[in-house]
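**Q** Below is the structure I would like to discuss, written out as structure tokens.
The values are calculated or read from the model by the stated rules, or taken from the named source; none is laboratory data. All figures in this text were calculated on a predicted structure; none of them were measured in a lab. No Cβ is skipped: glycine too gets one built from the backbone with ideal geometry, and neighbour counts run over all protein chains shown.
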Amino acid sequence: MSGLHAWLLEKGNSSNYLFIKRLSANDTGATGAHQVGIYIPKGIVEHLFPSINRVDEENPSVFLNAHVSSHTCNDSQARAVYYNGRFFGKTRNEKRITRWGSGSPLQDPENTGALTILAFEHVPGSDSPSVDIWVCVNSDDEDVIESAIGEVIPGTLISGNAEKILGGFSVSTEPVKSGYIIPENWKLSFPSGSEIIQFATSHYTRGEADPDTQLIDRRRVEYEIFQVVEELHVLDLIRKGFGSVNEFITLANSVSNRRKSRAGKSLEIHLETLFIEWGLTQFATQAATEGNKKPDFLFPSSMSYHDPDYPDDKLRMLAVKTTCKDRWRQILNEADRISEIHLFTLQEGVSVTQFQEMQREGVKLVVPSSLHKKYPETIRENLITLGTFIKQLLDLYKE
């Protein structure tokens, strides 16, 4: 059993409250912002530290012991504080947890994008006295966690009772939006990812949006619809309870596998649809290259790639990774003829060191424009928007 497996077993009980996210560049300080530590919504802070929810004194706070199990570093005394200056003639009105310690992996820019779990010791109505932290050190760690709870998408936050989350029923801090009228037959059988995306088309924001804005909007709508359908199929079963441990495990595995299946193909389907809508029709998906490797997108076609007379400098590939920390190296040898490798990701930032390594390997990042501000300033001018990528290829193949 790995150290992470043992840690998850230890933390997976009702006395722990988990907060899970992927570290953004703002969280780790890679952008140079003044956030001072990992962002945790104030509603979670006030839930874990009820004693600070008051305005009879300025900036009430409480300390807790912060231990890191994934790395070797000293414990620190973190501080949960309510900056309530608005009630004292000032402007601030926010709750934060600060003072994680200068040597904490939470404050290391090289951990930007890393999947992270904060396990707070928690008794309802009392302040949490301690938190145990696991920052994933590689993709193997992340696979262990996501095999239990499903994919953790950059920008999303998961929190709640550890027993429930590690049982496969992780929930987002955002409420499920219920304003969608779901087809009746979906209540009987779970629709495929393609069916959900097709249904979502009638709910997208209309107007002359660019491909970057469209992608983010469409992913949001599709995920909201997926959550509504998931609740229809799962929530009543959870409320009824389970007759055996095996029944619980079977349902948890079913939920987790469905989430992973959706996440694995959703982004590629959205990109394929947008390419076609914007006139980029010359591409192949999952086309075999050397050694039967299959890049996500090959441009302009599989036939061109395998034609020795077709110019190498007109061949392109696009790999698609929701998160790229550590995983970006997997794409380096997917197409031997292509030296200019493009990687599309939704990760909220990378460290300067990691970006420089990508550049040395010929990897160019394609990132939706709304996420550029989440990258270190020195990197932003080298990022390619989805719209720019499409235009570059349209120009390349217009002859």
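**Q** Any idea which of Thr273, Thr281 is among the β-branched types (Val, Ile, Thr) and either touching an Asp or Glu at 6+ places or on another chain (Cβ under 6 Å) or touching a residue at least 24 places away in the same chain (Cβ under 8 Å) (or both)?
**A** When all the criteria are applied, what remains is Thr273.
**Q** Go through (1) modelled with pLDDT of 75 or more; (2) of a type outside the set (A, V, I, L, M); (3) surrounded by 16 or more Cβ atoms within 10 Å (Cβ to Cβ) and name the single condition Thr250 misses.
**A** Of (1) modelled with pLDDT of 75 or more; (2) of a type outside the set (A, V, I, L, M); (3) surrounded by 16 or more Cβ atoms within 10 Å (Cβ to Cβ), only one is false for Thr250: (3).
**Q** Within segment 284-307, how many residues are in a helix (DSSP H, G or I) and either within 27 Å of the chain's Cα centre (by Cα) or in contact (Cβ under 8 Å) with a residue 40 or more places away in the chain (or both)?
**A** 1
**Q** Got a sec? Which of Arg239, Arg258 is in the same structural domain as Val221 (by TED's automatic domain parsing), assigned to a helix (DSSP H, G or I) and within 16 Å of Ser194 (Cβ to Cβ)?
**A** So the residue among Arg239, Arg258 that is in the same structural domain as Val221 (by TED's automatic domain parsing), assigned to a helix (DSSP H, G or I) and within 16 Å of Ser194 (Cβ to Cβ) is Arg258.
**Q** Could you go through segment 339-355 and let me know if any residue there is over 25 Å from the mean Cα position of the chain (by Cα), in a loop (DSSP other than H, G, I, E, B) and either of a type outside the set (Phe, Trp, Tyr) or buried (at least 18 other Cβ atoms within 10 Å of the Cβ) (or both).
**A** There is at least one residue in segment 339-355 that is over 25 Å from the mean Cα position of the chain (by Cα), in a loop (DSSP other than H, G, I, E, B) and either of a type outside the set (Phe, Trp, Tyr) or buried (at least 18 other Cβ atoms within 10 Å of the Cβ) (or both).
**Q** On to the next question. Quick check on segment 76-86. Is at least one of its residues in a strand (DSSP E or B), farther than 19 Å from Gly101 by Cβ and of a type in the set (D, E, K, R)?
**A** Within segment 76-86 (the criterion being in a strand (DSSP E or B), farther than 19 Å from Gly101 by Cβ and of a type in the set (D, E, K, R)), the answer is no, since none of the residues qualifies.
So that you can scan it fast, the table gives a plain yes or no per residue for (1) farther than 30 Å from Ser192 by Cα; (2) out of contact with any helix residue (DSSP H, G or I) (no Cβ under 7 Å at 6 or more places or on another chain); (3) at pLDDT 90 or above; (4) not β-branched (Val, Ile, Thr):
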position: Ile276; (1), (2), (3), (4): no, yes, yes, no
position: Asp307; (1), (2), (3), (4): yes, yes, yes, yes
position: Lys314; (1), (2), (3), (4): yes, no, yes, yes
position: Lys321; (1), (2), (3), (4): no, no, yes, yes
position: Trp328; (1), (2), (3), (4): no, no, yes, yes
position: Glu340; (1), (2), (3), (4): yes, yes, no, yes
position: Leu343; (1), (2), (3), (4): no, no, yes, yes
position: Glu348; (1), (2), (3), (4): no, no, yes, yes
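**Q** Could you list all residues from segment 320-336 that are in a helix (DSSP H, G or I), without any contact (Cβ under 8 Å) to a residue 60 or more places away in the chain and either surrounded by fewer than 18 Cβ atoms within 10 Å (Cβ to Cβ) or charged (D, E, K, R) (or both)?
**A** Arg329, Gln330
**Q** Sticking with this one: Regarding segment 38-48, can at least one residue be identified that is among the hydrophobic types (A, V, I, L, M, F, W, C), buried (at least 18 other Cβ atoms within 10 Å of the Cβ) and more than 30 Å from Pro376 (Cα to Cα)?
**A** The answer is yes; a qualifying residue exists.
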